[in-house]
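Q: One structure coming up, written as structure tokens, with questions to follow.
Every read-out reported here was derived from the displayed coordinates using simple, explicitly stated rules and does not represent laboratory data. Quick caveat: nothing in here was measured; it's all calculated off a predicted structure. Glycine gets a Cβ as well: all are built from the backbone with ideal geometry, and neighbour counts include every protein chain shown.
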Amino acid sequence: MWTLAIIGRRAYSAALLALMAVIVVGAFGNGFFFIAQPYQINYGEGLVAWQAANITNPARAFAPFDQYPYVAFQYPPLFHLATRAMDAFTGDLLMAARSVSVLSAALICLVAGWAVFQVLPRRATWQTRLFAAMFAAALPPTLYNFSWTWLARVDTLAILLAFSGVVLFASRPTSAPVQILAAVLMVAGLFTRQTVLAAPLACLLVAWLIHRRIALRMLLTMLILGGGVLAFLTWRSHGQALLHLFRYNQNPFSIQRAALGLLMNARYVAGLLVLAGGASWAVLSSAWALIRRRQWDLLSANLRANSYRCGIFLLSVYGMLAGLSALAFGKEGADINYFLEWNISLAPLAAVLLFRAAPPARNLARFRPASLAALAIPVLLLNAGFDQARTGWLRIFGPVSAADQQRREVFDRVLAEVKAAPGRVFSEDMNLLNKAGKDIPADPVMIQCLATAGMWDERPFIRLVQEQNFALIVAYDLSSRERYSPAVASAIEQAYEETTTVGDYRIYRPRRP
């Protein structure tokens, strides 16, 4: 018999499912749109495509930075290898790299859902666990920085591998095969982006609390696999890989910038933070009480005996460590991608709390204010992604917007200029050089950082500019001190003159004697 409570619950569930579908499809609509676009969306995309093209030639990819071309290989090679594999299907490295990122984003959503399905107590019906999992899977596309997941950047694949390792370990922490596979996934994450340390640290810490043998097994797996791959890279590159990954990859750091970035991100994900904190509080506080009393055996027994408590504890520790790693936003040139892993780690915890604290079905028929307010929370969380989703739906079914069309036309005009240039071109948009079939002579940001830090002599490059070795120089703003040192900017202004402005691009040609 259909009561008012059952009708209300089913109507609410159907509406929430519809809203989830709208948000997810719209968000990924943006991703599929940009996969097909030839222009650069983010500064690093052209560089990533160049690195992917050269990854199978270590002598070229990890060449000494004091010789031409002046390009650093800032990240380990797994994303670039995945891009090369995807290139077999796309025929274009930029499209391939974005495809890897979008596919990784879709898998991240599935992993977030699987985490909730695994963690929720088995006394909950499978329908409830499945619905909660679907809600958790819909939360990442609501993030303000989810737009990063359709860029040709290493972050999304790295987060997928690290996050998958955590969730896999949480599902069966006492299984040796699961421990080894989780360790392999997290090592793969580190060889995609070397800073995704939150996942392995969280798993090793929780593994140590459960049983030291588990922690040692995972640590040995990580050290043997990671050390072996790093040794191979070092051997193939004659030691240059270590310099590129660790020495050249340095930027000035500001604690003020890091703190302001954390506050900015917290403002955007305040709801997720509160809900994740609520899900974690009881488990963390009880664990902390045992730790203070040094009852390690009891804590270990609790984690082994209660899969819900163990899963929440691991996800909570992972989220806190991911938040700490987001302090790296203080680096010069850092962007909103530095908060992506932290924000994604909050999604399973937020979904768990919502569905554990959901009001009983009978309350829906009584229209209690507290129950109705609780039912509004999932809608408000999903609403955060509505604007982004709306743009995606318009890109799927509507005509190309004037802004997107103008962006394409500007890129095509500048690309024609670069292709027609007889010789080398130095461009701030390095994707232009890839599309034109020209080499990248230097990465503007990297040469500025290393020159400012006194780690690289910029005089040979300045001499190339002064001698007008470049047929064109394409820049956005020579006054940007994040991309041009005063000496390089001055050399360009003295040896070249701005002849054309196309959109945001400024094209410089050699001055006539």
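Q: Please give me the summed charge of the neighbours of residue 459: other residues whose Cβ is under 13 Å from its Cβ, Lys and Arg +1, Asp and Glu -1. Each step should come with its number before you reach the end.
A: Details: positive: 463; negative: 66, 457, 458, 467.
Combined, the nearby Lys, Arg, Asp and Glu give -3.
Q: Here's another thing I want to ask about it. Helix 212-236: angle to the longest alpha-carbon principal axis of the chain, degrees 0 to 90, nearest 10?
A: Relative to the chain, helix 212-236 is tipped by roughly 10 degrees.
Q: Take the alpha carbon atoms of region 233-309, find their center, do the same for region 426-503, and report the distance between the two centers in whole angstrom.
A: If we compute the Cα centre of each part, the gap is 38 Å.
Q: Find, among the trypsin sites (Lys or Arg not before Pro) in region 470-513, those assigned to loop by DSSP (not H, G, I, E, B) with at most 15 other beta-carbon atoms within 10 angstrom. Mind dumping the intermediate values first?
A: Values: sites: 481, 483, 506, 511; in loops: 481, 483, 511.
Sites meeting the loop and neighbour criteria: 481, 511.
Q: While we're on this one: Which residues among region 451-473 fall inside the zone where the amide N is under 12 Å from a point 7 Å beyond the Cα of residue 332, along Cα→Cβ?
A: So the set is 451-455.
Q: Name the lysines eligible as straight-distance cross-link partners of residue 331: C-alpha to C-alpha under 22 Å, and not fewer than 8 places from it in the same chain.
A: none
Q: Working from Cα positions, state the angle (0 to 90°, nearest 10) between the long axis of helix 486-495 and the longest principal axis of the chain.
A: That works out to roughly 40 degrees.
Q: A further question on this structure: Label region 402-510 by shape, choosing from rounded, prolate and oblate, from the square roots a ≥ b ≥ c of the eigenvalues of the Cα gyration tensor; if a/c is under 1.5 it is rounded, and otherwise prolate applies when a/b is larger than b/c, oblate when it is not.
A: Details: a/c = 1.84, a/b = 1.59, b/c = 1.16.
It is prolate, given that a/c is not under 1.5 and a/b is the larger ratio.
Q: May I pose another question? Over region 1-109, what is the relative contact order in whole percent, taking alpha-carbon pairs under 8 Å and six or more residues apart? Numbers along the way, then the final one.
A: Working: 61 pairs, mean separation 29.1, N = 109.
It comes to 27 percent, rounded to a whole number.
Q: Here's something else I'd like to know. Kindly state, to the nearest 0.05, the FRET efficiency for residue 292 paired with residue 172, given R0 = 41 Å and r defined as their beta-carbon distance. Write out the running numbers ahead of the final one.
A: Numbers: r = 29 Å, r/R0 = 0.71.
Approximately 0.90, to the nearest 0.05.
Q: Let me ask something additional. Taking Rh as the Kirkwood radius computed over C-alpha pairs, what is the Stokes-Einstein D of the chain at 10 °C in a medium of viscosity 1.306 mPa s, expressed in µm² per second?
A: Values: Rh = 24.8 Å.
Stokes-Einstein gives a translational diffusion coefficient of 64 µm²/s.
Q: Using Cα pairs under 8 angstrom and six or more residues apart, how large is the relative contact order of region 203-305, in percent?
A: Normalised by residue count, the contact order of region 203-305 is 33 percent.
Q: Another question, if that's okay. Mind checking which lysines have their Cα closer than 25 Å to the Cα of residue 419? Skip sequence neighbours fewer than 8 apart in that chain.
A: Candidates past the 8-residue exclusion: 435, 438.
Q: Going through region 393-497, which GluC sites (Glu not before Pro) have at most 11 other Cβ atoms within 10 Å and a DSSP loop state? All intermediate terms of the calculation are to be shown ahead of the outcome.
A: Numbers: sites: 409, 417, 428, 458, 467, 482, 493, 497; in loops: 428, 458, 467, 482.
Here the sparse-neighbourhood loop sites are 467.
Q: State, as an integer percentage, the relative contact order of the chain based on alpha-carbon contacts under 8 Å between residues 6 or more apart.
A: 21
Q: Now, a different point. Could you check the simple spin-label distance between residue 181 and residue 66, using points 7 Å along Cα→Cβ, in nm with one decimal?
A: So the two model labels end up 4.9 nm from each other.
Q: Near the amide H of residue 331, under 5 Å away, which other amide H atoms are found, from residues 5 or more places off or on another chain, if H is placed in the peptide plane?
A: Amide H to amide H, under 5 Å and 5 or more residues apart or across chains, residue 331 pairs with 254.
Q: While we're looking at this one, here's another question. If packing is taken as the average count of other Cβ atoms within 10 Å, what order do 327-336, 96-105, 430-439 fall into, highest mean first? Could you put the intermediate results ahead of the total?
A: Working: 327-336: 17.7, 96-105: 24.5, 430-439: 20.9.
Packing proxy ranking, top to bottom: 96-105, 430-439, 327-336.
Q: Summing -39500 (n - 2.57) over the DSSP H runs of n ≥ 4 in the chain and dividing by its residue number, what mean residue ellipticity at 222 nm do you reach, to the nearest 500 deg cm²/dmol?
A: Values: 23 runs with 336 residues, N = 513.
Estimated from H runs of four or more residues: -21500 deg cm²/dmol.
Q: With everything on Cα atoms, drop me the angle between helix 340-356 and the longest principal axis of the chain, reported from 0 to 90° to the nearest 10.
A: So the inclination is approximately 20 degrees.
Q: Starting from region 113-207, pick out the trypsin sites (Lys or Arg not before Pro) whose DSSP state is loop and whose Cβ has at most 14 other Cβ atoms within 10 Å.
A: Loop-located and lightly packed - 122, 123.
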